1. Among the residues of the range A:30-72, count how many are without any contact (Cβ under 8 Å) to a residue 12 or more places away in the chain and under 18 Å from A:D99 (Cβ atoms).
2. Can you pull out the residues in the range A:25-39 that are within 11 Å of another protein chain (Cβ to nearest Cβ) and either in a helix (DSSP H, G or I) or at pLDDT 90 or above (or both)?
3. Step by step: first the residues of the range B:492-515, then only those that are aliphatic (A, V, I, L, M), more than 50 Å from the chain's Cα centre (by Cα) and crowded, with 16+ Cβ neighbours inside 10 Å, then the one that is nearest to the other protein chains (Cβ to nearest Cβ). Which residue is that?
4. Show me the strands (runs of 3 or more DSSP E) entirely contained within the range B:192-287 in which 1 or more residues are at pLDDT below 80.
5. Filter the range B:518-533 for residues that are surrounded by fewer than 20 Cβ atoms within 10 Å (Cβ to Cβ) and not in a strand (DSSP E or B) and give the result.
6. Do we find a residue being in a helix (DSSP H, G or I) and of a type in the set (V, I, T) anywhere in the range B:169-178?
7. Within the range B:516-534, is there a residue that is more than 10 Å from chain A (Cβ to nearest Cβ) and touching a Lys or Arg at 6+ places or on another chain (Cβ under 6 Å)?
8. If you go through the range B:170-179 one residue at a time, do you hit one that is surrounded by 17 or more Cβ atoms within 10 Å (Cβ to Cβ), modelled with pLDDT under 90 and among the hydrophobic types (A, V, I, L, M, F, W, C)?
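The values are calculated or read from the model by the stated rules, or taken from the named source; none is laboratory data. Remember, it's a predicted structure, so these values are computed and weren't measured experimentally. Cβ placement follows ideal geometry from the backbone for every residue including glycine, while neighbour counts extend to all protein chains displayed.
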Amino acid sequence: MNVWGAVETESLDGVQVVHISGEIDISNEKAVNARVMEAASAAPGPMLIDLSGTRYLDSAGVRILFDVAAHFRAAQRLLKVIAPESATIRRVLTITRFDEHVPIYNSLAEALATL
Amino acid sequence: MCYCWAWDKGDAIPHDHGKVHQGHNHQHCAPQFDLDTPARGLDLIVNKNTRRRTGIVLPDLSVPVQLAIALGASGGMLLIVAALRISFPDPVGLLFIYLPVIAAAAYFGGAAAGLATTLLSIVSAELLLFAPSFSFGLARKDLIVMPLFSFVALITVLAVIRLRAIELKVGRAEGRLWLLSEASAALGVTFEYETSLTDVAHMMVPAFADWCILELVEDNTVRSVAIIHTDPGKVNTLEELWRSHPGSTEFPDDYAKVIQSGQVELVPEISHSTGEASAQDSWLRSLRQAIGTKTTLRVPIVDNDRVFGAITVGRGDTKLQFDHADHIFAEALGHRCAVAIALGRSYREQREIAGWLQRNLLPQHSPELPGTRVSARYFPAEAGGVGGDWYELIPLPNGQIGLALGDVAGRGIEAAALMGQLRTALVAVALDGHPPSVVMERLNTLLQQLPLRQMVTLVYMVVSPKTMRIRLTNAGHPPPLVVAPDGTTRYLEEGGTVPLGVKIPAAFTDAEVAIAPKSTVVLYSDGLVERRGRSLDDSFALLEQVARRGPVTPEALVNRLVAEMVTGGPVHDDVALLAVQFESGLLPASQPDQHWNPSGGAEE
């Protein structure tokens, strides 16, 4: 993983929350993907991916999100993504129509409240 | 970057000469030490390794100077011993004063100085210490002491001479090792091997030789890459000599010998003799006469029996002849140069293959379509590299035109390979006249089965120039921009779905929009709009601004976009751009366009 990206995982009331901060691109794609999938398999149940600290997301990052979404869909688990409307990466999620398949929330509190 | 070191007050500072290499004077870049005066060489080696040597300098002196040193040392000793003789009546003890002087003379002055000092010491000791006391008679004590002293003095001087020779040899060996490591480093800097070879040739002069010629053999002809002489005034002479060297531009006999056998050719001493001259002898003689070369060494640049050229070096009278160690060094250098050339050539070949594949994967030139103007550009992330972006302009059988621009995630040859497969499939399916949603559906099905499955964003649209209507499906790609002739712009956000190749079931739909006649449709890849620290919305706004800023013809638009959005910063991702303008002049006047609805037109 490059020095600009970091993945942190926490568990809030049995909900896995993955905070991805910095940049996700082709240089750290594999490491980020591994960390996220690790978090996904760490516990059953819903998972939240928090992109509010993500500054840059290119097609490599989008691919990770779609892979995770497909994984959760196949496992019939709930996946939600947090990306504030003001975030620079939010538009990537709408262009790729990711938001039509995974619910996007403005804040962690908002996402947790829906669970 | 040219790999060279500037020597400044003993500190080695690597300095960049920029990219322009022609005409660059390397005189100062050659490591400024000389293998034949190893003290300086050692000094610099010490600097390079930030070690300190305690200032012992071994000069290389001529025989007369050495004899003068011997005379001076002996004279001085004579006075000192004569003075001491008054206070110390026992002469034997005073003999020990001679030994350090003999050793010092041999070590600092050289072999001749050492031997002469020894001889003079023995004579003066005999005269001064013993002769007066015994009235020219030989005492028993004298008979034992003097031969013993002579023997010890001789052993001392020979040991010191040997030590000095070993130190010089080690100094030269270290110098060569250092030079070889510097040359290897220079050769590893770039795949542009001619630049590195020139640098290496500059390193040899004056560190290893007075002059150096580096030649490459290409297509059975020889050409010089570098001709360098310590004395810049003699470079021209050397160059003329090289050119007049029999067959210097094709294989001369002796050259062929070196090149073909891969053997080193060493001329330890060029004689003054004017006997029967072969072609080679005349070349050597003219070297001797024109630039005072005494000894030459020519090694092939050879690796795995492939000969790429040769390095020829020469030394004048002031330097030592090339010896066996020099020969081994030059051979190793030639081998390293050969490896660099082999690597450089194979890199160049691979790059050419990659570039050729890329150029042939992209449309060579846009097909001539009546009523359209087209402009397209492609910038790979790495210069000369390949990528996964592509565009397509397909004249469809029913007079409609298919436009596509896609982006395979990932980089390099893998992305390009998948792109090539998809591109062919897209054209094949599109030519069947299917609507965009069906084309996308088929491509997605195909992609899910391909071993190289990857996420692909793709926008495909079918434009009907007759009706100025567009049907499009956009699989996760940034929206195309329509620029109307009056400069108004509009993004086609319709028809969106997830990218192809993801494991999420996608529902592909066709969106239908109308555009104003003479509008230009701009398709682009995310490389144009994705920038760190800038939101996509800002990029979209910038794209619109740039589009509005001038003429809307495809050439002008593309040039503007390239100037303002591609150049100026490093390109992290491939950028593909396709702009197509549809002329309304295509519409036959007798056939009014039923579908064109001015009020619901291009602008919303």
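1. 2
2. A:E29
3. B:A511
4. B:221-229, B:265-267
5. First pass over the range B:518-533, keeping only residues surrounded by fewer than 20 Cβ atoms within 10 Å (Cβ to Cβ): B:518, B:531-533.
Hits for the range B:518-533 are B:K518, B:R532, B:G533.
6. Within the range B:169-178, one or more residues are in a helix (DSSP H, G or I) and of a type in the set (V, I, T).
7. No, the range B:516-534 contains no residue that is more than 10 Å from chain A (Cβ to nearest Cβ) and touching a Lys or Arg at 6+ places or on another chain (Cβ under 6 Å).
8. Checked the range B:170-179: no residue is surrounded by 17 or more Cβ atoms within 10 Å (Cβ to Cβ), modelled with pLDDT under 90 and among the hydrophobic types (A, V, I, L, M, F, W, C).
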